[in-house]
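Below is one structure, written out as structure tokens; the observations come after it.
The values are calculated or read from the model by the stated rules, or taken from the named source; none is laboratory data. For clarity, every value in this text was computed on a predicted model and none was experimentally measured. Neighbour counts are summed over all protein chains in view; Cβ atoms, including those assigned to glycine, are modelled from backbone coordinates with ideal geometry.
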Amino acid sequence: MAFLRTVVRCSVHRKYGLLIDPLQSSSFAKVNLNQTVLKSSAASSTLVDDPSQTVQNPTPKDPLDISFQDAKAAFKSKTNLELIRAYVVYTLCSFETLVTHNMKLMKLAKSILGEKLFIQLMKATFYGHFVAGEDQYKIRPKLERLRSFGVKPILDYSVEEDISQEEAEKREVEASVPEAGDTQIDGALKQYHVEKTFADRRYKVQSARTYFYLNEATCERNMETFIRCLEAIADFQKASPGATYGTGITAIKLTALGRPQLLLQLSEVIIKARQYMTEIVGGEGNVLSHHLKHEDLEAKFDKIQDKESLRKFLKQVTYDRHGVLHLFPWSGIIDDNQELSTTFRVPDLKSGRMIRLITQLTPKEEEMFRNMIRRMNTIVKAAQEMDVRIMVDAEQTYFQPAITRITLEFMRKYNKEKAIVFNTYQCYLRNALTEVSTDLEQAKRQNFYFGAKLVRGAYLEQERARAAAMGYPDPTNPTFDATTDMYHSTLSECLRRIKDFKNKGEDKKIAIMVASHNEDTVRFAIEKMKECDIEPADKVICFGQLLAMCDYITFPLGQSGYSAYKYIPYGPVNEVLPYLSRRAHENKGVLKKIQKEKSLLAREIMRRMFTGQIWYTPKGNYVPV
């Protein structure tokens with residue numbers, strides 16, 4: 001916004017051109033590689049695409065029990081007190097009443113105990129278990145210990161606003177409606193317009209943080225926060241002996257960087273463009289999937305009356321030797337600040353005139369969009385300079401087409417030598433495989449490295465309820481098993497393409513994170529890697545779980561030579577209470593996993609007691625690559 005440039009700001013990140021105020025700190029047997037249980041004989045898997053980054057000295061590798069029943073391997077990074085605390089926390093998460101009212105109980109405890117005692121209580125229980133520390137300096141010991149046991153970090157500053165439902169709805173509605181009003185032009189898709197009933201995007205969402213737009217200055221501060229996460233990772237990589245550069249990751253959300261109205265409108269344009277291609281050439285799918293030749297497209301418009309506008313439209317279409325890639329100049333939108341209102345116009349075969357796919361934006365709205373792209377570009381440029389990765393989180397389906405398109409354009413711009421920018425794909429969606437396949441195809445045709453994080457998804461119940469209420473098709477898979485099948489099919493497609501690159505002796509320009517707490521999916525990935533002759537040393541597949549959840553998966557993977565990550569939340573105690581509340585709810589929802597984790601914790605506690613390891617001190621010498 002223009003008014004932002006008149007505000008006096010200071011920044012610790014002047015080298016990146018940031019102009020914002022700093023935030024206030026506040027039972028299977030173990031056998032060899034050819035049998036069911038795998039033992040890695042190669043270097044740890046990473047997302048590093050530069051072979052020169054490979055660690056040359058031999059490092060310890062443990063056998064991997066893919067039944068994930070090895071309690072010693074799961075918890076060798078924890079002290080006895082940490083094991084006991086984990087057991088207590090998971091036990092408390094099993095009580096539905098406590099979990100349901102956890103936020104009220106935490107606030108009550110704070111009012112009774114006072115600030116200092118409450119903070120000590122939280123650090124001894126939930127905060128100490130689920131959160132790494134208060135700032136980028138206090139989390140360093142946790143990161144060092146994770147690294148010494150073969151696990152790398154994905155940093156997330158997990159401070160969240162604790163606002164009421166009424167305030168959330170008010171903000172979202174105001175920020176989702178264009179200045180001219182929510183006037184739906186012909187062919188408007190109601191899915192991509194705000195609905196007050198679902199304006200509080202936290203509704204039925206337990207495992208994802210939500211940003212609510214307040215103003216442009218708040219988006220600037222969110223950008224500053226993401227940059228600080230990048231710096232924390234970069235500083236850790238420089239200061240840690242044996243740490244491998246280019247493997248640290250920071251997670252970001254695009255809704256933190258701009259006005260949601262713009263993502264809604266851009267998403268609607270993308271879906272309309274797909275429908276438009278279906279109208280003029282038939283078939284279904286994304287624009288590039290039609291493989292329409294330039295001359296064939298031009299021949300469709302011989303009856304268009306406005307020849308000059310038609311010429312401009314055809315000039316902006318992106319082609320390669322296989323046909324049309326994009327109807328619109330997305331690279332210009334990212335790189336050259338093209339205005340949205342003048343870009344998204346297409347020839348209408350029925351009227352013979354040019355029609356607009358997006359409602360007219362005001363100069364102020366155009367500037368807000370440019371601000372959002374500038375913030376994203378600043379973050380990715382900083383990541384590239386610091387040699388840190390960016391993972392763009394998936395969000396609701398009414399935002400996702402825009403989020404994916406913007407993320408892919410930043411991949412095209414920055415993923416030229418290795419994967420720096422990663423997109424996230426939610427496999428509870430019916431179109432997950434189609435979307436990933438299309439984006440893989442774009443990466444191949446435009447010759448950039450494709451990075452993806454595959455997740456089951458965070459918005460299932462909300463998506464189903466919103467679709468039912470607003471009367472559009474449910475975008476989600478009907479069952480848990482269908483989602484599992486979609487996840488495995490999507491992962492298999494990625495591995496198939498990686499295998500093709502490998503068989504041809506070409507650069508493996510695909511990097512995938514299997515972000516799952518489901519051990520069946522992790523086992524599937526390991527077996528599929530073996531089937532496709534993909535080794536951890538090929539540096540194209542990694543695994544990720546949340547801090548303090550499913551340690552029995554993450555640590556055995558990291559200690560056996562696979563690339564393993566923990567999603568590391570951090571922030572002041574009082575400001576991460578919403579995050580802790582969501583973690584408690586999420587654990588209540590996965591009682592089966594809690595029961596297994598508790599069983600393994602109890603087994604390891606007893607083993608240490610019976611073997612005299614009362615004062616056990618974790619000491620790892622694993623080196624993640």
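For Glu298, the test of being among the acidic types (Asp, Glu) and in contact with a helix residue (DSSP H, G or I) (Cβ under 7 Å, 6 or more places away or on another chain) is passed. For the structure I just gave you, tell me whether Ser581 is part of a helix (DSSP H, G or I), of a type in the set (S, T, N, Q) and over 24 Å from the mean Cα position of the chain (by Cα). Considered against the rule, which asks whether it is part of a helix (DSSP H, G or I), of a type in the set (S, T, N, Q) and over 24 Å from the mean Cα position of the chain (by Cα), Ser581 comes out as no.
Taken together, Ile594, Ile534 contain a single residue that is in contact with a helix residue (DSSP H, G or I) (Cβ under 7 Å, 6 or more places away or on another chain) and part of a helix (DSSP H, G or I), which is Ile594. Take the residues of segment 318-368 that are crowded, with 18+ Cβ neighbours inside 10 Å and among the aromatic types (Phe, Trp, Tyr): which is farthest from Glu216 (Cα to Cα)? The residue in question is Phe328.
Once segment 577-600 is narrowed to residues that are charged (D, E, K, R), at pLDDT 80 or above and within 16 Å of Leu98 (Cβ to Cβ), the residue that is surrounded by the fewest Cβ atoms within 10 Å (Cβ to Cβ) is Lys598. Is there a residue being of a type in the set (Asp, Glu), under 23 Å from the mean Cα position of the chain (by Cα), buried (at least 16 other Cβ atoms within 10 Å of the Cβ) and more than 30 Å from Ser67 (Cα to Cα) anywhere in segment 463-483? Yes, some residue in segment 463-483 is of a type in the set (Asp, Glu), under 23 Å from the mean Cα position of the chain (by Cα), buried (at least 16 other Cβ atoms within 10 Å of the Cβ) and more than 30 Å from Ser67 (Cα to Cα). Does Thr210 satisfy the criteria of being hydroxyl-bearing (Ser, Thr, Tyr) and under 23 Å from Ile420 (Cβ atoms)? Criteria not met by Thr210. Inclusion of Met277 among residues that are touching a His at 6+ places or on another chain (Cβ under 9 Å), hydrophobic (A, V, I, L, M, F, W, C) and surrounded by 14 or more Cβ atoms within 10 Å (Cβ to Cβ) is warranted. State whether the residues of segment 396-413 include one that is of a type outside the set (Lys, Arg), farther than 21 Å from His488 by Cα, assigned to a strand (DSSP E or B) and under 14 Å from the mean Cα position of the chain (by Cα). Looking for residues that are of a type outside the set (Lys, Arg), farther than 21 Å from His488 by Cα, assigned to a strand (DSSP E or B) and under 14 Å from the mean Cα position of the chain (by Cα), one finds none in segment 396-413, hence no. Tyr487 fulfils the conditions (1) out of contact with any helix residue (DSSP H, G or I) (no Cβ under 8 Å at 6 or more places or on another chain); (2) outside any strand (DSSP E or B) except for a single criterion, (1).
Of the helices (runs of 4 or more DSSP H) lying entirely inside segment 231-332, those containing at least 1 residues that are of a type outside the set (Lys, Arg), modelled with pLDDT of 90 or more and within 25 Å of the chain's Cα centre (by Cα) span 260-281. Residues in segment 490-530 that are acidic (Asp, Glu) and farther than 20 Å from Phe448 by Cβ: Glu519, Asp520, Glu527. The number of residues in segment 557-576 being crowded, with 24+ Cβ neighbours inside 10 Å and part of a helix (DSSP H, G or I) comes to 3. Among the residues of segment 196-212, those identified as buried (at least 17 other Cβ atoms within 10 Å of the Cβ) and either basic (Lys, Arg) or touching a Pro at 6+ places or on another chain (Cβ under 6 Å) (or both) are Arg201, Arg202, Arg209.
Just one residue in the set Phe524, Phe501, Phe543 is assigned to a helix (DSSP H, G or I) and in contact with a strand residue (DSSP E or B) (Cβ under 8 Å, 6 or more places away or on another chain); that residue is Phe501. Would a scan of segment 405-421 turn up a residue that is of a type in the set (Ser, Thr, Tyr), closer than 15 Å to Ile252 by Cα and buried (at least 16 other Cβ atoms within 10 Å of the Cβ)? For segment 405-421, residues of a type in the set (Ser, Thr, Tyr), closer than 15 Å to Ile252 by Cα and buried (at least 16 other Cβ atoms within 10 Å of the Cβ): present. Only residues that are among the charged types (D, E, K, R), crowded, with 19+ Cβ neighbours inside 10 Å and part of a loop (DSSP other than H, G, I, E, B) were counted in segment 426-458, giving 1.
For segment 414-425, the count of residues that are among the basic types (Lys, Arg) and either part of a helix (DSSP H, G or I) or more than 15 Å from the chain's Cα centre (by Cα) (or both) is at least one.
A count restricted to segment 293-310 and to residues that are of a type in the set (Lys, Arg) and closer than 27 Å to Leu408 by Cβ stands at 2.
Hey, does segment 363-382 have a residue that's more than 25 Å from His291 (Cα to Cα), out of contact with any helix residue (DSSP H, G or I) (no Cβ under 9 Å at 6 or more places or on another chain) and part of a loop (DSSP other than H, G, I, E, B)? No, segment 363-382 contains no residue that is more than 25 Å from His291 (Cα to Cα), out of contact with any helix residue (DSSP H, G or I) (no Cβ under 9 Å at 6 or more places or on another chain) and part of a loop (DSSP other than H, G, I, E, B). Considering only segment 190-199, I want to know if a residue exists there that is modelled with pLDDT of 95 or more, in a helix (DSSP H, G or I) and within 25 Å of Ala584 (Cα to Cα). Looking for residues that are modelled with pLDDT of 95 or more, in a helix (DSSP H, G or I) and within 25 Å of Ala584 (Cα to Cα), one finds at least one in segment 190-199, hence yes. Residues in segment 333-344 that are modelled with pLDDT of 85 or more and not in a helix (DSSP H, G or I): Glu339, Phe344. Total residues in segment 308-336 satisfying the condition of being farther than 17 Å from Val269 by Cα and in contact with a Phe, Trp or Tyr (Cβ under 9 Å, 6 or more places away or on another chain): the figure is 2. Once segment 132-177 is narrowed to residues that are under 30 Å from Met513 (Cα atoms) and of a type in the set (Lys, Arg), the residue that is surrounded by the fewest Cβ atoms within 10 Å (Cβ to Cβ) is Lys138.
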